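Worksheet: the structure to be examined is printed underneath.
The values are calculated or read from the model by the stated rules, or taken from the named source; none is laboratory data. What you are looking at is a predicted structure, and each value in this text was computed from that prediction instead of being measured. Quick reminder, even Gly has a Cβ in these numbers, built from the backbone with ideal geometry, and neighbours come from all protein chains shown. Only protein heavy atoms, including side chains, enter the accessible area calculation; ligands, DNA and RNA are left aside. Shrake-Rupley method; radii C 1.70, N 1.55, O 1.52, S 1.80 Å.
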Amino acid sequence: MVLPEPLALIPFPSSAQRGEGALPLSASSRIVGEPGAAALLRAALSPRTDLPFEEATDEASVGDIVLRIDANVGDAESYTLKATDRVEIVGADAAGLFYGVQTLRQLLAETATGWSVVRAEVQDAPRFAYRGIMLDVARHFFPVADVKRYIDHASSLKYNHLHLHLTDDQGWRVHIDSWPLLTEKASGTSALGDKGGFYTKADYREIVEYAAERHMVLVPEVDLPGHTHAIGLAYPEIVEAPVLNDVLISSSEALGQPLPVMGESYIGWGVGHSSVRIGEERTYEFVRDVLTELAEMTPGKYLHIGGDESLGTTEEDFAKFVSRATEIAAATGKTPMAWHEVGAVSDIAEGTVGQYWGSLEPKGTHAEEAEHFIARGGSLVMSPSDAAYLDMKYSAEFPLGLSWAGLIPVQKAYEWEPTKIVGVPEEAILGIEAPLWSESTRTFADVEQLVFPRAAAHAETAWSPAEGAERVWESFRTRVAAVAVDWDARGINYFASEEIPWSTR
Ligand code: TNX
């Protein structure tokens, strides 16, 4: 017996059955129903198929695409899709409908006689509420147009949180009215001496809105108390002189990169040398002003305060700082989020969400730190660096990316289980996030090479049921090959890894 091939969908739905053949689309196929979703669907389908897909509100007929919202379909973000003699997508809410539309894009097929939709019946709902992807716009700045493209890519894979790493040693990337010198003096350059940049408040709001239309929530990060060298270019009175450690000195030398110098822009990749002044009251005014302004223009519920790699800071100072900083973040009305090191501090604000970036087999105190967020009533977002990091090289020869957490071929990115890393109950895991750090990515095309196809792997970990029959590498690798036809149509510069049978279509 020949088993039917699984539908080429990523992330694979909770349930998806193939029907008989394909439903032909034609110039008379219309999109009937919810206007917002219809406009996005039309914008996606029309250029690709060269068919008009007129929007209509009357009764649907054969060959049409019907978009509806009905809360009875299921929980938040869920949807059903039926492609028979027409396509009907019903979202439990606007997000669910949007995800059904993304699934439809992957069911689109071009045949000798024209465009069609593979007949199918799908019922779908996400596994995790937080499905995140990060872009580091501090090490290399990426303008609004690139961020929008990132949002397009990620939302098509049903990611719903975009974490922007907005500040680091190499630059400050968002305008803050009450501390205007940050963008005036500390945004000009990127790593490797490349051009910098920053988002005006209008730019930031444009990103927020574009993301919201695609059901992605922006999670802004201001990394504190370390990763703050750039702040010293603008406000030296709140930043310590660089603390050089042996690893920083030897790795900078090996890479031929300069060491950080107080008051000068830092263009190397080294970490752990900077800190804001923890004993200085003005520092907390800064934190309050920055987080308050960010909170005002961020509709999402999280404010990320960083907290990683404060290598030159004493434990005592670190504790003093992060307990205040998480309280300040909470006082804006948002939920603080922080890298797992912050979990080393006993009295962090209640409900703070921890982002675990240790390895799949936790080292040292990393697991305890992560577990402490749960003890404080928070939850965890899992970003194990040896599986979820999009900036690790695929292989030793790969020209872009870093390798400190190991090499991450696509299969390794695919095969990990977020609930089996630290000892917390499954409900304590809010979700996962795949971070793209941008030390080595000088262009957005570089970003796409590292992100694709691995972001598709993480999307499936975030969305698809853990026990699903298709949640296995052999299935995934053939589905990637098929979904990549859509990536080609969008011009995504994905890495054609040899692990994927690209020619199967
Ligand atoms: C570690 S992961 C960092 C970043 C670097 C990244 C490079 C984390 C919280 N901090 O500062 O960019 O490694 O892979």
query: Measuring from label point to label point, each 7 Å out along Cα→Cβ, what is the Thr57 to Glu280 span in nm?
result: 5.9
- request: Give the residues of the stretch 195-214 whose amide nitrogen is closer than 13 Å to a point set 7 Å from the Cα of Glu296 in the direction of its Cβ.
  value: 201-202
field: Computed magnitude of the charge dipole of the chain (debye, nearest 20; Cβ of K, R +1, Cβ of D, E -1)
entry: 1000
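Looking at the square roots a ≥ b ≥ c of the eigenvalues of the Cα gyration tensor of the stretch 431-492, which shape do they give, rounded for a/c under 1.5, prolate if a/b is larger than b/c, or oblate? Write out the running numbers ahead of the final one.
Values: a/c = 2.96, a/b = 1.46, b/c = 2.03.
Oblate.
Quick check: convex hull of the Cα atoms in the stretch 148-302, volume per residue, rounded to a whole Å³? Don't skip to the answer; put the middle values down first.
On the way: hull volume 18.4 nm³, N = 155.
It comes to 119 Å³ per residue, whole-number rounded.
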query: What list of ³J(HN,Hα) values in whole Hz, one per residue of the stretch 341-357 in order, does the Karplus curve 6.51 cos²θ - 1.76 cosθ + 1.60 (θ = phi - 60°) give from phi, with Gly and Pro shown as x?
result: 3, 4, x, 6, 9, 5, 9, 5, 4, 4, x, 4, 8, x, 10, 7, 10
- line: Per the 1/(1 + (r/R0)^6) rule, R0 = 41 Å and r from the Cβ atoms of Ala375 and Ser503, FRET efficiency to 0.05 is 0.20
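Taking all protein chains together and a probe of 1.4 Å, list His372, His340 from the most accessible to the least accessible.
Of His372, His340, the descending order of accessible area is His372, His340.
Tell me the volume per residue, in Å³, of the convex hull enclosing the alpha carbons of the chain.
Details: hull volume 72.8 nm³, N = 505.
In the chain, the Cα hull volume divided by residue count equals 144 Å³.
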query: Sorted by packing (mean other beta-carbon atoms within 10 Å per residue), highest first, where do 435-447, 134-146, 289-301 land?
result: 134-146, 435-447, 289-301
statement: Note, the stretch 49-61: 3J(HN,Hα) by Karplus (6.51, -1.76, 1.60, θ = phi - 60°), whole Hz, Gly/Pro = x, goes 9, 6, 9, x, 6, 4, 8, 9, 10, 7, 4, 7, 10
field: Nearest-ten-degree value, helix 94-107 long axis tilted from longest Cα axis of the chain
entry: 60
- prompt: If you roll a 1.4 Å probe over the stretch 178-332 with all protein chains in place, what percent of the accessible area is carbon or sulfur?
  reply: 53
- request: Could you tell me which of Val117, Thr443, Ala254 has its Cα farthest along the dipole of the chain towards the positive end, charges placed at Cβ (Lys, Arg +1; Asp, Glu -1), taken about the Cα centre?
  value: Val117
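Per residue, how much accessible area does the stretch 240-314 show when a 1.4 Å probe rolls over the protein heavy atoms, in square angstrom?
Per-residue value: 45 Å².
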statement: Extension length gain for Arg442 and Ala145 (0.36 nm per residue less Cα distance), in nm, is 105.4 nm
- request: With just the Cα atoms of the stretch 30-148, tell me how far they stretch along each of the three principal axes, in Å, largest first.
  value: 51, 35, 26
Contact order relative to length of the stretch 39-181, as percent, for alpha carbon pairs under 8 angstrom and 6 or more apart: 17
field: Between helix 281-296 and the chain: long-axis angle, C-alpha atoms, 0 to 90°, nearest 10
entry: 10
field: Dimensionless Rg ratio for the stretch 13-85, taking C-alpha atoms and the 2.2 N^0.38 Å reference
entry: 1.16
- prompt: Amide H to amide H under 5 Å from Glu55: which residues, 5+ apart in sequence or cross-chain, H placed 1.01 Å off N in plane?
  reply: Ile31
- prompt: To the nearest 10 degrees, how steep is helix 144-156 against the longest Cα principal axis of the chain, on a 0 to 90 scale?
  reply: 50
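Classify the stretch 156-207: rounded, prolate or oblate, from the alpha-carbon gyration tensor (a ≥ b ≥ c, eigenvalue square roots; a/c under 1.5 rounded; otherwise prolate if a/b is larger than b/c)? Could you put the intermediate results ahead of the total?
Numbers: a/c = 2.50, a/b = 1.43, b/c = 1.75.
Since a/c reaches 1.5 but b/c is at least a/b, the shape of the stretch 156-207 is classed as oblate.
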message: With just the Cα atoms defining each centre, how far is the stretch 467-496 from the stretch 310-388? Give it in Å.
response: 34
- prompt: Can you list the residues, at least 5 places off or on another chain, whose amide H is less than 5 Å from the amide H of Ala434, using H built in the peptide plane?
  reply: Gly132, Ile133, Met134
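So what is the calculated 222 nm ellipticity per residue for the chain, using -39500 (n - 2.57) for each DSSP H run with n of 4 or more, over all residues, to the nearest 500 deg cm²/dmol?
-9500 deg cm²/dmol
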